[in-house]
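Structure, as structure tokens:
The values are calculated or read from the model by the stated rules, or taken from the named source; none is laboratory data. Quick caveat, the model's predicted, so the values are computed rather than measured. In this analysis, Cβ positions are derived from the backbone assuming ideal geometry, glycine residues included, and neighbour counts consider all displayed protein chains.
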Ligand SMILES: [Zn+2]
């Protein structure tokens, strides 16, 4: 792990940025995880680069509860999609499938409680029911990673 302190922050332009570089080994690839955080403006950024680049569109099927533990490595260029929900999410870093599900759940809960439109609220409510089934492995679904930079992958 490498740590660089007092770097120039791209947001507030002060020398208060800490950059951490970590290497993570996976079964068939290596990832370089870069995290930046600024003690002045509080900005936080994470990005990932893979040693061996992947295809720009990859998909993983989640069939049961055990599959929820699979890892998703996604760069800042990646779009994480669940076709069964017709939704996508941008989130970079290293996560489990379960973490990603929670990300989608948060968006939908927000819509369910705060959307102005009644139809949008109802739609969110129905999609949440699907997510509850995803969470306990009762309903199969797919996760798609679209990343033109080739820095995203799944790890089982
Ligand atoms: Zn800053």
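Numbers at a glance
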{"item": "Considering residues of the stretch 12-35 that are loosely packed, with under 13 Cβ neighbours inside 10 Å and more than 16 Å from the ligand (Cβ to nearest atom) only, the residue farthest from residue 142 (Cα to Cα)", "result": "23"}
{"item": "Pairs, first closer than 14 Å to residue 75 by Cβ in the stretch 11-34, second within 12 Å of the ligand (Cβ to nearest atom) and part of a loop (DSSP other than H, G, I, E, B), C-beta under 6 Å, six or more apart", "result": "none"}
{"item": "Residue that is free of Cβ contacts under 8 Å to residues at least 40 places away in the same chain and either more than 16 Å from the ligand (Cβ to nearest atom) or out of contact with any strand residue (DSSP E or B) (no Cβ under 6 Å at 6 or more places or on another chain) (or both), where the choices are 65, 110, 84", "result": "110"}
{"item": "Single residue of the stretch 36-54 satisfying the filter (under 16 Å from the mean Cα position of the chain (by Cα) and surrounded by 15 or more Cβ atoms within 10 Å (Cβ to Cβ)) that is nearest to the ligand (Cβ to nearest atom)", "result": "45"}
{"item": "Any chance residue 59 is part of a strand (DSSP E or B), surrounded by 12 or more Cβ atoms within 10 Å (Cβ to Cβ), modelled with pLDDT of 95 or more and not assigned by TED's automatic domain parsing to the domain that holds residue 36", "result": "yes"}
